[in-house]
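Before any comments, here is the structure.
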Amino acid sequence: MPGPALEMEPVEPQSLKKLSFKSLKRALDLFSPVHGHVAPLDPESKKIRISHKISVEYGGMKNIGTKPTGQASSAPDSAIGTPAPSNALALPGPTDSRDVKSGAQNAVVIGPTVQPNTQNDAGLQGRSSAIVSASGSSERMSTSAIMERIPSKWPRPVWHAPWRNYRVISGHLGWVRSVAFDPSNTWFCTGSADRTIKIWDVASGKLKLTLTGHIEQVRGLAVSDRHTYMFSAGDDKQVKCWDLEQNKVIRHYHGHLSGVYCLALHPTIDVLLTGGRDSVCRVWDIRSKMQIHALSGHDNTVCSVFTRPTDPQVVTGSHDTTIKFWDLRYGKTMTTLTYHKKSVRAMALHPKEHSFASASADNIKKFNLPRGEFVHNMLSQQKTIINAMAVNEEGVMVTGGDNGSLWFWDWKSGHNFQQSQTIVQPGSLDSEAGIYALSYDITGSRLVTCEADKTIKMWKEDENATPETHPLNFKPPKDIRRF
């Protein structure tokens, strides 16, 4: 037979007030030097607080007056001296702040003064306004009123001329997915979903050459400044090296298990980096076609990569929302940045500063190198998937969105100074307004965007714009989100 059930003792319901009193008592027992006594108020700090409140709130007003000490006490009703209007504000005097209601002798009345009709009326009116104002002012006064206003330390943006579209090139038969400039700045190449690579003249926009060889869309392009080579990568898992003297493929780099989404050349050594849907960034020796490292650590597609001459020499961004710094010597992760909440589809290294920016659908963030300290977010949100970004030496950063929005930013302050919307070519759907790739030329004075309406658009600064015609509309941010 089971024994009798044990009766639970009733738990006394405890209110929030009771619990907080308990907590207060514990804190007092722990820290108070004299038990059972509340710590005394510091009169010095109270005096400073009241004087600061008066000086901040009423520093510009001159008609502050207190009752002189030598005044006769025969007329207590007229102690205030002059009547105050109903909106006058009275503050407790710094000497005795708690005796306002007992008598209005120590009250300070601030406000315009009116000559009274009779002495009796003046006294009554003055006293009542002083008492009412004193009781209501403490309730109405917010902390923002007594806070000292400090000027914003946010850097003011540099004025940049707005950019305008001056040329539209159509020639591809599919989405234009990638772009790269020749180091001599005479031509640039574009890769497309029509599986071709086309080479265009920068000055005239004329087609110079079409290269075929890929069997899927071409997602990455790079032109070497050390050799006569161009590198391409695509969804067909192929990475090709083109000899531009013979205009043909001379090397293939085999190893990717899925489509290759991004490609970068190391600036100082003969090394090629490719990232793709197999979540790995692969490091290739250009000459021997050997894979030096497979930089594995991302949990999803590696969709952006750039390289630098010094550590961290390789930086990758991924659909797993992280950015990783890699040690190229050992093939290991140095740092992982987890600030983004969405895929990091684009990154841009500043050509002069030791810093870079990364873009995802939630925010565009700026980081310092080599340690990867977060600097700040850009001050606006593009609210679209950002596929590409670039920055020139003058500090103009540009980001291209999936909805055809092209936004220009001041690098130093993060201020968005221009918002453009690309126009689709005739015969295209409005939904084909999407920017997949963009790049500045070598000088940074021309911009090329590759778009979903199968066109290539070229942009330059408006020569006629001045700070007067296009003023800077900048408001420093009030609250800075530090993540």
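What number of residues in segment 278-326 are assigned to a strand (DSSP E or B) and in contact with a Ser or Thr (Cβ under 8 Å, 6 or more places away or on another chain)? Give the derivation first.
Step one: of segment 278-326, the residues assigned to a strand (DSSP E or B) are 280-285, 291-296, 302-307, 314-318, 323-326.
Filter again for in contact with a Ser or Thr (Cβ under 8 Å, 6 or more places away or on another chain), leaving 280-282, 284, 295-296, 302-305, 314-318, 323-326.
Result for segment 278-326: 19.
Among the residues of segment 230-244, is there at least one that is part of a loop (DSSP other than H, G, I, E, B) and over 18 Å from V302 (Cα atoms)?
So far as segment 230-244 goes, yes, one or more of its residues are part of a loop (DSSP other than H, G, I, E, B) and over 18 Å from V302 (Cα atoms).
Answer yes if at least one residue in segment 285-295 is open to solvent by less than 20 Å² (accessible area, probe 1.4 Å), without any contact (Cβ under 8 Å) to a residue 40 or more places away in the chain and within 19 Å of the chain's Cα centre (by Cα), and no otherwise. Step through it out loud before you land on a result.
Quick first cut of segment 285-295, residues open to solvent by less than 20 Å² (accessible area, probe 1.4 Å) only: 286, 295.
Subset that is without any contact (Cβ under 8 Å) to a residue 40 or more places away in the chain: 295.
Add one more test, that the residue is within 19 Å of the chain's Cα centre (by Cα), and what stays is none.
For segment 285-295, residues open to solvent by less than 20 Å² (accessible area, probe 1.4 Å), without any contact (Cβ under 8 Å) to a residue 40 or more places away in the chain and within 19 Å of the chain's Cα centre (by Cα): absent.
Given (1) modelled with pLDDT under 95; (2) of a type outside the set (G, A, S); (3) not in a loop (DSSP other than H, G, I, E, B), identify the lone condition not met by L211.
L211 satisfies every listed condition except (1).
When you scan segment 322-338, how many residues do you find that are buried (at least 19 other Cβ atoms within 10 Å of the Cβ) and not charged (D, E, K, R)? Give the derivation first.
Taking segment 322-338 as the starting set, the residues that turn out to be buried (at least 19 other Cβ atoms within 10 Å of the Cβ) are 322-326, 328, 337.
Checking the rest, the ones that are also not charged (D, E, K, R) come to 322-323, 325-326, 328, 337.
Final tally of qualifying residues: 6.
Those residues that are among the charged types (D, E, K, R) and more than 18 Å from R164 (Cα to Cα), I need them from segment 399-418; list them, please. Break it down into steps so the answer makes sense when it comes.
The initial filter retains those residues of segment 399-418 that are among the charged types (D, E, K, R), namely 402, 410, 412.
Result: D402, K412.
Residues that are open to solvent by 30 Å² or more (accessible area, probe 1.4 Å), farther than 26 Å from T321 by Cβ and either in a strand (DSSP E or B) or in contact with a Phe, Trp or Tyr (Cβ under 8 Å, 6 or more places away or on another chain) (or both): does segment 251-260 have at least one?
yes
Being open to solvent by 40 Å² or more (accessible area, probe 1.4 Å), under 17 Å from G259 (Cα atoms) and in contact (Cβ under 8 Å) with a residue 40 or more places away in the chain is the filter here; which residues of segment 193-229 pass it?
Within segment 193-229, E216, R219 qualify.
Which residue, of D430, D402, is in contact (Cβ under 8 Å) with a residue 24 or more places away in the chain and among the acidic types (D, E)?
Answer to the check: D402.
Considering (1) at pLDDT 95 or above; (2) closer than 30 Å to D410 by Cβ, say which one K153 fails and leave the rest.
Going through the list (1) at pLDDT 95 or above; (2) closer than 30 Å to D410 by Cβ, K153 breaks only (1).
Kindly list the number of the only condition in (1) in contact (Cβ under 8 Å) with a residue 60 or more places away in the chain; (2) in contact with a strand residue (DSSP E or B) (Cβ under 6 Å, 6 or more places away or on another chain); (3) open to solvent by 10 Å² or more (accessible area, probe 1.4 Å) that fails for T190.
Among (1) in contact (Cβ under 8 Å) with a residue 60 or more places away in the chain; (2) in contact with a strand residue (DSSP E or B) (Cβ under 6 Å, 6 or more places away or on another chain); (3) open to solvent by 10 Å² or more (accessible area, probe 1.4 Å), the lone unmet condition for T190 is (3).
One line per residue, one yes/no per condition, for (1) under 25 Å from C241 (Cβ atoms); (2) of a type in the set (A, V, I, L, M, F, W, C); (3) in contact with a Pro (Cβ under 6 Å, 6 or more places away or on another chain):
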position: R277; (1), (2), (3): yes, no, no
position: N300; (1), (2), (3): no, no, no
position: C303; (1), (2), (3): yes, yes, no
position: T322; (1), (2), (3): no, no, no
position: M334; (1), (2), (3): no, yes, yes
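Against the definition (open to solvent by less than 70 Å² (accessible area, probe 1.4 Å), of a type in the set (A, V, I, L, M, F, W, C) and without any contact (Cβ under 8 Å) to a residue 60 or more places away in the chain), how does M347 come out, yes or no?
Details: open to solvent by less than 70 Å² (accessible area, probe 1.4 Å): yes; of a type in the set (A, V, I, L, M, F, W, C): yes; without any contact (Cβ under 8 Å) to a residue 60 or more places away in the chain: yes.
In short, yes.
Among the candidates A388, A357, which residue alone is assigned to a strand (DSSP E or B), aliphatic (A, V, I, L, M), open to solvent by less than 40 Å² (accessible area, probe 1.4 Å) and closer than 18 Å to C450 by Cβ?
Working: A357 fails: closer than 18 Å to C450 by Cβ.
None of the other options fit; the residue is A388.
Restricting to segment 163-183, and then to whatever is open to solvent by 50 Å² or more (accessible area, probe 1.4 Å) and of a type in the set (S, T, N, Q), can you tell me which residue is nearest to T466 (Cα to Cα)? Don't jump to the end; show me each part of the working.
Residues of segment 163-183 open to solvent by 50 Å² or more (accessible area, probe 1.4 Å): 164-168, 170, 173, 175, 183.
Checking the rest, the ones that are also of a type in the set (S, T, N, Q) come to 165, 170.
Details: N165: 18, S170: 32 Å.
Filtering first and then ranking leaves N165.
Could you pull out the residue among K352, K342 that is under 16 Å from the mean Cα position of the chain (by Cα) and either open to solvent by less than 40 Å² (accessible area, probe 1.4 Å) or on the phi < 0 side of the Ramachandran plot (or both)? Steps first, answer last, please.
Values: K352 fails: under 16 Å from the mean Cα position of the chain (by Cα).
From the options K352, K342, the qualifying one is K342.
Determine which member of the set I215, I199 is more than 16 Å from H252 (Cα to Cα) and not small (G, A, S). Spell out the reasoning first.
On the way: I215 fails: more than 16 Å from H252 (Cα to Cα).
Matching residue, one of I215, I199: I199.
Residues checked against (1) touching a Cys at 6+ places or on another chain (Cβ under 8 Å); (2) over 19 Å from V202 (Cα atoms); (3) of a type in the set (D, E, K, R):
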residue: T422; (1), (2), (3): no, yes, no
residue: P426; (1), (2), (3): no, yes, no
residue: L438; (1), (2), (3): yes, no, no
residue: D453; (1), (2), (3): no, yes, yes
residue: M458; (1), (2), (3): no, no, no
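The values are calculated or read from the model by the stated rules, or taken from the named source; none is laboratory data. Keep in mind that this is a model prediction, so the values were computed, not measured. In this analysis, Cβ positions are derived from the backbone assuming ideal geometry, glycine residues included, and neighbour counts consider all displayed protein chains. Note: areas computed on protein heavy atoms with side chains; ligands, DNA, RNA excluded. Shrake-Rupley method; radii C 1.70, N 1.55, O 1.52, S 1.80 Å.
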